[in-house]
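Chemist: Below you will find the structure I want to go over with you.
Bear in mind these aren't lab numbers, they're just calculated from the coordinates by the rules spelled out. Since the model is a prediction, treat every value here as computed from it, not as a measurement. Quick reminder, even Gly has a Cβ in these numbers, built from the backbone with ideal geometry, and neighbours come from all protein chains shown.
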Amino acid sequence: RTTTVGIIGAGPAGLLLSHLLHRQGIDSVVLELRDRAYVERRQRAGILEQDTVDVLRASGAGARMDRQGLEHHGIELRFDRRSHRIDFPSLTGGRSVMVYAQTEVVKDLVELRLKDGGTVLFEAEALSVDGADTDRPTIRYRHEGAEETLECAYVVACDGFHGIGRRSLPEDLLTVVERTYPFSWLGILADVPPSCDELIYAHHERGFALHSMRSPQVSRLYLQVDPDDSVDNWSDERIWDELDTRFAVDGDWTLRRGPITEKSITPMRSFVAEPLRHGRLFLAGDAAHIVPPTGAKGLNLAIADVTLLAQALTRHHTQGDEAAIDAYSETALRRIWRAEHFSYTMTTLLHADPAESGFDRELRLSHLRYLAGSEAASASLAENYVGFRTN
Ligand code: FAD
Ligand code: DHB
C-alpha cells in the first residue's frame with residue numbers, strides 16, 4: 001500500500017489531519033490500533049477553544065457541533081464557600097469556548113472521512129517507522145492478522161502518549177521533560193442535568209472538584225483523588241457526598257444527583273518531547289506532549305498542532321517549500337509551552353497537595369483571592385482559557 005501521508009492514530013489529531021489534507025487534495029491513510037466503536041466511546045475532553053471551533057467549522061466539520069455544542073461565556077471559581085465568575089467575552093475581546101465532547105468530535109470526523117472516501121484502517125497496529133530520514137519513509141503495521149507495509153512521502157505520529165511514533169525518533173535527538181503530580185482525577189458521567197450553567201472549578205481543603213457537562217441532560221464531574229486510589233473504593237453515594245462537600249457554598253445551591261454511567265481514574269502528568277520532527281517523520285498531539293487536564297488544553301493542543309502541520313505539509317508537498325516543515329517544531333512548541341504553563345498553573349492553583357507547606361497553601365489562597373478580585377488577573381486566566389494566539 002502507498003499513500004502521501006501515513007498517519008498513525010485515529011484520535012482527534014490523526015482524523016483532523018487526514019481531513020485537512022484531503023481538503024488540500026492530499027491523500028492519506030490513517031492506521032488505528034482500536035476498533036471504531038472504541039475510539040468513538042472513549043471518554044475524554046469536553047471543552048473546545050474558540051480557535052478549535054473555528055478550525056472545525058472552516059473545514060466543514062462543524063455542522064453537528066454548531067447544532068449541539070453549548071457555547072460558554074465564562075467559568076466559575078469556587079473556594080472559601082464563595083463563587084467568583086470569570087467572564088470571557090468582556091476580558092478577551094469577545095472570545096468564548098464550546099462544550100462539545102471529544103467523543104462527538106471523533107464521531108463527526110470519522111463519518112466525514114469515510115463519506116469523503118478517506119481510508120481509516122481500524123484494528124491496524126503500527127509496529128515501526130523506518131527510513132524517516134529518507135524520501136520514502138514506511139510504516140510497518142499489522143492488520144487482519146497479516147504484517148503489511150505502508151509506503152509514504154511523510155509519516156505523522158498522532159498515536160498518543162503510549163504510541164510508537166515518538167520512540168521512532170533517534171534517542172540522541174529527542175529531549176524529554178516531565179513532571180508528575182501527587183494526585184489523579186476520578187471522573188464520572190451521570191444521567192442528570194448539570195447543576196450549573198457554566199463549569200465550576202472548585203478548590204477545597206479536601207481537594208479539587210470540577211463540575212462540567214456533556215449536554216443539557218448529562219453531567220460530567222471530576223474529583224481529585226490519590227494517585228493509587230481505585231474506583232472500587234468509590235461507591236456512587238460516596239462520590240456524590242464528596243462532591244457535595246467540595247462544592248459547598250454559602251447561599252442556595254444544590255448539586256443534583258443521578259445515575260452514574262461511567263467512572264474512571266486518570267493520572268496526571270506534564271510531558272514534552274522535542275523536536276517534533278525528524279526528517280519526514282512528524283509528531284503531533286499527545287504523542288509529543290501531555291498536560292494535566294485542569295484547564296482543558298490537551299485536545300485543543302492536538303488540534304492546533306495538526307492545523308499547523310497540515311499547512312506545512314501542503315506547502316512542502318505542492319510547492320517544495322522547506323521553510324514551513326522546518327519551522328513546524330519550533331512554532332508548535334511555542335503554543336505547547338504556553339499550554340504547559342497554564343495547565344500547570346491551574347493544576348497547582350486548584351488542587352490540595354498532601355505534602356505542601358503552610359507557606360505553599362497560603363500562596364495558593366492568595367492567588368485565588370487575587371484572581372477573584374483583580375480584573376488584570378482574571379483577564380490573564382480568561383485569555384489562556386479561551387486559547388492563545390501564539391503561532
Ligand atoms: P489520542 O486521542 O490519544 O489518539 C491516539 C490514537 O492512536 C488512539 O486512538 C490510539 O488507539 C491510537 N494508537 C496508539 N498506538 C497506536 C499504534 N501503535 N498503532 C495505531 N494506532 C495507535 N483533555 C482535556 O482537555 N480535558 C479532559 O478532561 C481530558 N481527559 C482525558 C482523560 C484521559 C483518560 C486521557 C488519556 C486524556 C484526557 N485528555 C483530556 C486529553 C485529551 O483527550 C488528549 O489530549 C487528546 O485525546 C489528544 O488527541 P490525540 O489525537 O493526540 O491522541
Ligand atoms: C472538562 C475537562 C477539563 O479538564 C476541564 O478543565 C474542563 C472540562 C470536561 O471533560 O468536560
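Chemist: Please give, to one decimal in nm, the separation of the simple spin-label points placed at Asp244 and Leu174, each 7 Å out from Cα toward the Cβ.
Modeler: 4.8 nm
Chemist: Okay, helix-only estimate at 222 nm for the chain: each DSSP H run of n ≥ 4 adds -39500 (n - 2.57), divide by all residues, round to 500 deg cm²/dmol; what do you get?
Modeler: Rounded to the nearest 500, it is -11500 deg cm²/dmol.
Chemist: Here is a follow-up. Which distance in nm do the two modelled labels at Asp133 and Asp236 give, with both placed 7 Å along the Cα-to-Cβ direction?
Modeler: Spacing of the two 7 Å Cα→Cβ label points: 5.8 nm.
Chemist: Also, quick follow-up: Using the 10 angstrom Cβ neighbour count as an exposure proxy, how do Met346, Met213 rank, fewest first?
Modeler: Met346, Met213
Chemist: Loop only by DSSP, 12 or fewer other Cβ within 10 Å of the Cβ. Give me the GluC sites (Glu not before Pro) in the stretch 174-278 that pass, ordered by residue number.
Modeler: Glu205
Chemist: If you don't mind, another one. List Ser83, Ser235 from most exposed to least, where exposure is judged by having the fewest other Cβ atoms within 10 Å.
Modeler: So the ranking, lowest neighbour count to highest, is Ser235, Ser83.
Chemist: Then there's this: Roughly speaking, what is the centre-to-centre gap between the stretch 302-355 and the stretch 132-211 when only Cα atoms are used, to the nearest Å?
Modeler: A separation of 14 Å, based on Cα centres.
Chemist: Return the ratio Rg/(2.2 N^0.38 Å) for the stretch 170-316, where Rg is computed over Cα atoms only.
Modeler: Normalised by 2.2 N^0.38 Å, the Cα Rg of the stretch 170-316 equals 1.30.
Chemist: Ok, one more. Find how much the distance from His162 to Thr149 grows on full extension, using 0.36 nm per residue of separation minus their present alpha carbon separation; answer in nm with one decimal.
Modeler: 2.6 nm
Chemist: Sort Leu333, Leu15 so that the residue with the fewest other Cβ atoms within 10 Å of its own Cβ comes first and the one with the most comes last.
Modeler: Going from least to most buried by this count: Leu333, Leu15.
Chemist: No solvent, one uniform scatterer per C-alpha: report log10 I(q)/I(0) for the stretch 1-107 via the Debye equation at q = 0.21, 0.23 1/Å, two decimals.
Modeler: -1.14, -1.25
Chemist: Go through the stretch 36-45 residue by residue and turn each phi into a ³J(HN,Hα) via Karplus (6.51, -1.76, 1.60, θ = phi - 60°); whole Hz please, and just put x for glycine and proline.
Modeler: Each residue of the stretch 36-45 in turn: 5, 4, 5, 5, 7, 10, 4, 6, 9, 6 Hz.
Chemist: I would also like to ask the following. Just to confirm a number: summing +1 for Lys and Arg and -1 for Asp and Glu over residues other than Asn384 whose beta-carbon lies under 13 angstrom from that of Asn384, what do you get?
Modeler: Counting the neighbours of Asn384, the net charge comes to +1.
Chemist: Could I ask something else about it? Where a Cα-Cα gap under 19 Å defines reach, which lysines qualify for Lys263, not counting those fewer than 8 residues away within the same chain?
Modeler: Straight-line reach from Lys263, under 19 Å: no lysines qualify.
Chemist: Using the Karplus curve 6.51 cos²θ - 1.76 cosθ + 1.60 with θ = phi - 60°, what ³J(HN,Hα) values do you get for each residue of the stretch 246-256, in whole Hz, with x for Gly and Pro?
Modeler: Each residue's phi maps through the Karplus curve to give 6, 8, 3, 9, 6, x, 9, 9, 10, 8, 6 Hz.
Chemist: Also, I was wondering about something else. In whole angstrom, how far apart do the alpha carbon centroids of the stretch 226-247 and the stretch 282-300 sit?
Modeler: Distance between centres, Cα-based: 26 Å.
Chemist: Could you pull out every one of the aspartates and glutamates with an alpha carbon less than 15 Å from that of Lys297, ignoring same-chain neighbours closer than 8 positions?
Modeler: Glu49, Asp51, Asp286, Asp305, Glu340, Glu383
Chemist: Among the lysines, which have Cα under 16 Å from the Cα of Lys115 when same-chain residues fewer than 8 positions away are ignored?
Modeler: Excluding near neighbours in sequence, the set is Lys107.
Chemist: Can you quote the Å³ per residue value for the convex hull of the Cα atoms in the chain, rounded to an integer?
Modeler: Value for the chain: 146 Å³ per residue.
Chemist: With only alpha-carbon atoms in the gyration tensor, what are the semi-axes of the equivalent ellipsoid for the stretch 258-391, in Å, largest first?
Modeler: 34, 18, 14
Chemist: Using modelled amide H (1.01 Å from N, peptide plane; none on Pro or chain starts), what sits under 5 Å from the amide H of Asp321, excluding residues fewer than 5 places away?
Modeler: Under 5 Å from the amide H of Asp321 lie the amide H atoms of His316, each far enough along the sequence or on another chain.
Chemist: Another one. Towards the positive end of the charge dipole of the stretch 255-391, with charges on Cβ (+1 Lys, Arg; -1 Asp, Glu), say which of Phe359, Pro275, Ala332 has the farthest Cα.
Modeler: Among Phe359, Pro275, Ala332, the one farthest towards the positive end of the dipole of the stretch 255-391 is Phe359.
Chemist: Tabulate in residue order the Karplus-calculated ³J(HN,Hα) for the stretch 354-368, using 6.51 cos²θ - 1.76 cosθ + 1.60 with θ = phi - 60°, rounded to whole Hz; enter x for Gly and Pro.
Modeler: Working through the residues one at a time gives x, 9, 6, 7, x, 4, 4, 5, 5, 4, 4, 5, 5, 4, 4 Hz.
Chemist: Right, another one. Which angle from 0 to 90°, rounded to the nearest 10, does the C-alpha axis of helix 298-319 make with the longest principal axis of the chain?
Modeler: 20 degrees
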